[in-house]
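To keep things clear, I will list the structure first and then write my remarks on it.
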Amino acid sequence: MAEEDVLKFIAGNGEKIVIRLAGCDDSEEIISAIKTNAPDRSYVLMELYGTKPESVKKYICSMDFNKNLLLVAAANNTVVGALSGIQMDGGKRPETSHILNIGLHIVTAYRGLGIGSQMLRFSIDWARKHGFKKLEANIFTTNKRSLHVFERAGFIEEGTRQKRIRIGKQYIDEVLMGKVL
């Protein structure tokens, strides 16, 4: 892994955090990290590759890191966050291939420590280096903390999808956010 593929910093709780590209062996920890913060809402990232470690490992190992991004944030060699950046429409439509769709998950105990902000900065730099012109994110309106993190990173609200997802009997709206690079 090249030096530019790794970012090290001290989180707000004093722990050393390493942000790096995900590897094949990170599959179980990525699933665990995503499930700890919102098991019923984790469909966003997991719909791409499933919820079984074998399918996640296969997905990561076959990922084209020139067009897609999968980052992990680790504290004490344990994954505490994951960020996916997936090229819009799988890069199959030239008119949308310049867009990278971002999904961010941080383990509850590690939220509010600057990890999400650092992961977003890393992904913005990566996207610029790989020729992307826009980043997009879809965030539930109930996730105020995530909305704030994306706003601080320069994302702006582009619209709201009403009753976008149903969890149990509750309907939740989704904010569409974008950042032009």
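The values are calculated or read from the model by the stated rules, or taken from the named source; none is laboratory data. Everything numeric here is computed off the predicted structure, so don't read it as measured data. Glycine also receives a Cβ, built like all others from the backbone with ideal geometry; neighbour counts cover every protein chain displayed.
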* Do any residues in the stretch 68-97 that are on the phi > 0 side of the Ramachandran plot and free of Cβ contacts under 8 Å to residues at least 60 places away in the same chain have Cβ atoms under 6 Å from those of residues that are outside any helix (DSSP H, G or I) and not basic (Lys, Arg), where the two are at least six apart or on different chains, and which pairs are they? -> 89/96; 91/97
* To do: Give the residue that is nearest to residue 153 (Cα to Cα), with candidates limited to residues of the stretch 73-102 that are modelled with pLDDT under 95 and in contact with a Lys or Arg (Cβ under 7 Å, 6 or more places away or on another chain).
  => 87
* Asked: Any residue at all in the stretch 38-54 that is among the β-branched types (Val, Ile, Thr), over 21 Å from residue 97 (Cα atoms), assigned to a helix (DSSP H, G or I) and modelled with pLDDT under 75?
  -> no
* Selection from the stretch 111-143 of residues that are β-branched (Val, Ile, Thr) and more than 14 Å from the chain's Cα centre (by Cα) -> 141, 142
* To do: Tell me which residues, restricted to the stretch 103-121, are modelled with pLDDT of 95 or more and closer than 20 Å to residue 63 by Cα.
  => 119, 120
* Leading residue by the ranking (farthest from the chain's Cα centre (by Cα)) among those in the stretch 93-110 that are of a type outside the set (Ser, Thr, Tyr) and closer than 20 Å to residue 22 by Cβ -> 107
* To do: May I ask you to verify whether residue 166 is free of Cβ contacts under 8 Å to residues at least 12 places away in the same chain and surrounded by fewer than 18 Cβ atoms within 10 Å (Cβ to Cβ)?
  => yes
* Could you check, for the stretch 158-170, whether at least one of its residues is acidic (Asp, Glu) and out of contact with any Ser or Thr (no Cβ under 7 Å at 6 or more places or on another chain)? => yes
* **Hits in the stretch 116-140 - residues which are loosely packed, with under 15 Cβ neighbours inside 10 Å and acidic (Asp, Glu)** => 125
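Considering only residues that are surrounded by 15 or more Cβ atoms within 10 Å (Cβ to Cβ) and free of Cβ contacts under 8 Å to residues at least 60 places away in the same chain, which ones fall in the stretch 55-67?
Just the residues of the stretch 55-67 that are surrounded by 15 or more Cβ atoms within 10 Å (Cβ to Cβ), to begin with: 55-60, 63, 67.
Correct list: 55, 56, 57, 58, 59, 60, 63.
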